[in-house]
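The values are calculated or read from the model by the stated rules, or taken from the named source; none is laboratory data. Here the structure is a predicted model, which is why all the values come from computation and not from measurement. Positions of Cβ are backbone-derived with ideal geometry, glycine not excepted, and every protein chain shown enters the neighbour counts. What goes into the accessible areas is simple: the full protein's heavy atoms, side chains included, and nothing from ligands, DNA or RNA. Shrake-Rupley method; radii C 1.70, N 1.55, O 1.52, S 1.80 Å.
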Amino acid sequence: MDENTMGSAAVTKASWLGVVACMMALGAPFAAMGEFTCCEVKPVLDACGSYVKMGGDTIPLDCCMNVLTLRNTVMNSSENQRLACHCIQDAALKVPHINVTAYGSLPFKCGVNLPYQFSLTMRCDNLV
């Protein structure tokens, strides 16, 4: 194996390990390729993390853009909406000292309509 092939193999291995680690960290079920996974919620968590902990008058633009992207990703099926709901809720329950008011206001303040309002007690399985 030449130096370029080894480097490419290392990057590919690292990418897959990152995906597996993300899925395990978020409690995601291993789904078939192409299906929604909890890893698709990770950009929202990364971009919105400081806001859901501290709150504030304005939400970072990248947070809202990621909430919008998530909405566009999950609206194609009820199953994806339920899974995203569970992923969001599970992740929120793991945030120490979460500001539940800020967390609950995310979709509304970003102007994004979701089939549920963020809360720590969402009933994800009741989504149609």
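Tabulated data
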{"read-out": "Residue among Thr73, Thr101, Thr69, Thr58 that is assigned to a loop (DSSP other than H, G, I, E, B) and either among the hydroxyl-bearing types (Ser, Thr, Tyr) or at pLDDT 90 or above (or both)", "value": "Thr58"}
{"read-out": "Condition met for Cys48 (in contact with a Phe, Trp or Tyr (Cβ under 8 Å, 6 or more places away or on another chain), at pLDDT 90 or above and assigned to a helix (DSSP H, G or I))", "value": "no"}
{"read-out": "Checklist (1) open to solvent by less than 20 Å² (accessible area, probe 1.4 Å); (2) within 22 Å of Thr121 (Cβ to Cβ); (3) modelled with pLDDT under 90; (4) not β-branched (Val, Ile, Thr) applied to Cys87, failing item", "value": "(3)"}
{"read-out": "Neighbours by Cβ (under 6 Å, 6+ apart or cross-chain): first from region 78-99, in contact (Cβ under 8 Å) with a residue 60 or more places away in the chain; second exposed (fewer than 15 other Cβ atoms within 10 Å of the Cβ) and part of a loop (DSSP other than H, G, I, E, B)", "value": "Asp90/Gly27"}
